[in-house]
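Okay, structure first, notes after.
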């Protein structure tokens with residue numbers, strides 16, 4: 001793999017994860033609108049944008065081929081459900097000053113994904129990876145015990161996105177056609193919600209032009225980072241992607257504490273320290289496994305993914 005391609009891929013991935021990291025800035029602009037209404041618009045406009053993109057760039061064959069594959073469509077339908085839950089809870093968390101909890105969820109998500117892989121897919125583990133998962137789960141248990149309630153926002157985000165990833169792995173579908181079909185399946189429910197809740201309290205027909213524009217643009221801010229991610233996946237290894245993905249919760253956490261002044265208590269610090277320790281241990285273990293399998297470190301060892 002050309003070094004320049006590896007650099008480009010790393011830049012694409014860094015841009016994608018950074019954009020996902022600053023997404024709370026966008027949802028905060030819509031904080032007066034209910035999370036369910038924002039989600040509905042996000043689904044509909046994502047469907048329109050991704051489908052339009054595929055038709056514009058002559059990729060509609062990818063869409064038709066995927067749609068006719070009923071085995072894959074089963075997993076895409078389940079993926080649509082899990083990603084809708086993830087988007088809804090994330091938007092709600094951002095606009096209810098729970099970004100710290102959201103960032104916690106995305107920190108532990110890769111560990112939960114690995115745990116699901118071990119339990120459901122028979123993937124192998126070892127003492128180091130098991131210790132990493134136990135450290136992270138200890139951090140979650142600590143914050144649950146200290147606050148007197150389970151961190152449901154964090155756990156819902158972590159498990160819903162992990163299960164979404166599992167469905168993507170099962171479907172083995174390209175990124176944008178899969179997103180187009182996921183949002184196509186969810187769009188009738190989103191449209192029904194908008195129609196059923198139409199009235200003085202709804203955004204459509206009552207909000208300012210700028211709010212309407214932000215709702216429309218939500219489809220682009222959803223699909224564009226995924227497009228960058230697809231470009232990155234074609235150029236760099238999965239181990240590099242796994243490392244760069246922590247940009248998202250790190251930026252989330254910085255925004256929560258520095259810009260929005262959400263509390264970050266000693267309990268949070270103790271919990272996050274355990275989770276960060278687990279992440280470091282887990283990342284090192286995965287990197288070590290990768291180096292043993294690929295001693296020359298080929299940049300393109302990950303599964304290539306088309307747009």
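The values are calculated or read from the model by the stated rules, or taken from the named source; none is laboratory data. Only a predicted model underlies this, so the values are computations on that prediction, with no experimental measurement involved. Heads up, the Cβs are rebuilt from the backbone with ideal geometry, glycines too, and the neighbour counts pull from every protein chain shown.
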Considering 243, 229, which residue is closer than 19 Å to residue 162 by Cα and crowded, with 20+ Cβ neighbours inside 10 Å? 229
Can you run down the residue pairs with Cβ atoms below 6 Å, 6 or more apart or on separate chains, where the first is in segment 55-76 and touching a residue at least 60 places away in the same chain (Cβ under 8 Å) and the partner is surrounded by fewer than 18 Cβ atoms within 10 Å (Cβ to Cβ)? 75/170
Can you spot a residue in segment 39-53 that is assigned to a helix (DSSP H, G or I) and over 19 Å from residue 190 (Cα atoms)? yes
Filter segment 7-29 down to the residues that are closer than 17 Å to residue 99 by Cα and either in a loop (DSSP other than H, G, I, E, B) or under 17 Å from the mean Cα position of the chain (by Cα) (or both) and list them by number. 17, 18, 19, 20, 21, 22, 23, 24, 25, 26, 27, 29
Answer with yes or no whether residue 132 is modelled with pLDDT of 90 or more and under 17 Å from residue 242 (Cα atoms). no
Report the residue count in segment 114-142 for those that are surrounded by 17 or more Cβ atoms within 10 Å (Cβ to Cβ) and out of contact with any helix residue (DSSP H, G or I) (no Cβ under 6 Å at 6 or more places or on another chain). 4
Do we find that residue 205 is over 17 Å from the mean Cα position of the chain (by Cα) and in contact (Cβ under 8 Å) with a residue 40 or more places away in the chain in this structure? no
Which of (1) modelled with pLDDT of 90 or more; (2) surrounded by fewer than 21 Cβ atoms within 10 Å (Cβ to Cβ) does residue 99 not meet, given it meets every other one? (2)
Only one of (1) under 21 Å from residue 85 (Cα atoms); (2) without any contact (Cβ under 8 Å) to a residue 12 or more places away in the chain does not apply to residue 198, and that is (1)
Go through segment 179-256 and tell me which helices (runs of 4 or more DSSP H), entirely inside it, have 1 or more residues that are touching a helix residue (DSSP H, G or I) at 6+ places or on another chain (Cβ under 8 Å) and at pLDDT 90 or above. 209-233, 247-254
Kindly check whether there is at least one residue in segment 75-87 that is part of a helix (DSSP H, G or I) and surrounded by fewer than 15 Cβ atoms within 10 Å (Cβ to Cβ). no
Six or more apart or on different chains, Cβ atoms under 6 Å: show the pairs whose first residue is in segment 263-283 and farther than 14 Å from residue 140 by Cα and whose second is surrounded by fewer than 21 Cβ atoms within 10 Å (Cβ to Cβ). 264/257
All-but-one check, residue 32 against (1) under 30 Å from residue 143 (Cβ atoms); (2) within 21 Å of the chain's Cα centre (by Cα), failing number (2)
